[in-house]
């Protein structure tokens, strides 16, 4: 039988087989569940802080949703490696307990070949992480800071106390007999508005204060009241209403927010590279160098996480307890803290990034590869990479 042409043989080797599709299908549900759980855990504390801040400043649900959307890329970058590790570990551990790993190895499939689809998925997630760390997170970080700035400074925070006279503008006076709902729900409201050369005296049974959508004015929704307008040269007019809305233009406390780029964490990878080569007048070069190496190292380490999880999942499979997941979690946390420490050292010009960032990177990735080779019994033996890319089982003929 003549051998297949090289392109056909290569295509046959890289085409996902039955085992690849089975492992990826097994990985998908725990990956999505793990990602949702980790994201929820990471976001919970920040969500409570945002709710308190927006409640104090009279923010709306629309503002809260925008801030939450800006936070998702940051926490997704943290949750992605953890979700990959947990999902791969759970799949391989379950297969090991059900003797599926033993059956595959008995048929000539090595642990390296079993890990191949997980590594491919990890490489795809590495591209996602590269996009997150390099391009999406900088814009999301700036948008979050900008939204928080306007939420805290723009307009007049519409909070009152019962019996207190508030003057949000020179021509406006507002008071209410009773106030609740964190200062936004008013009862027995009285307003004196002297804008436009007129004097309007408004009284209402109730009202609701909130910052308008443009963040530069205050919206007051009134119910069941009277408007008395004094035009000075004419007789006063009186209007009864069931509901009405007043928009009060106030002197904004906020100026235009600064442009993006005052912080190296708000720059994309291309902007960081350009700043390192050409200089940035606002950011010191060591900070740019540290941030650039830090992001690239984090993204390149993601494909090695499935290798670590796959190697640790089969350890001591006949015992009731398996410390593999705990070891993997400690390794990931330790690696992340090592990169953070390297980032600080490079930014302070204490050490070179090739030592304190890429050194831990090589140690982590090398340990992952050595561990799976050791688990597969391939240390010091030949044919490792050939078995990694070989097809496990011949497809049945139709």
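Table for the structure above
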{"item": "Which numbered condition residue 69 misses (of (1) over 13 Å from the mean Cα position of the chain (by Cα); (2) surrounded by fewer than 16 Cβ atoms within 10 Å (Cβ to Cβ); (3) at pLDDT 75 or above)", "result": "(1)"}
{"item": "Total residues in the range 89-100, condition in a helix (DSSP H, G or I) and surrounded by fewer than 22 Cβ atoms within 10 Å (Cβ to Cβ)", "result": "7"}
{"item": "Qualifying positions in the range 101-119 - within 26 Å of residue 302 (Cα to Cα) and assigned to a helix (DSSP H, G or I)", "result": "101, 111, 112, 113, 114, 115, 116, 117, 118, 119"}
{"item": "Qualifying residue in the range 150-170 (condition: surrounded by fewer than 19 Cβ atoms within 10 Å (Cβ to Cβ) and at pLDDT 85 or above)", "result": "no"}
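The values are calculated or read from the model by the stated rules, or taken from the named source; none is laboratory data. These numbers come from a predicted model, not from an experiment. Don't worry about glycine lacking a Cβ; one is built from the backbone with ideal geometry, like all the others, and counts go over all protein chains shown.
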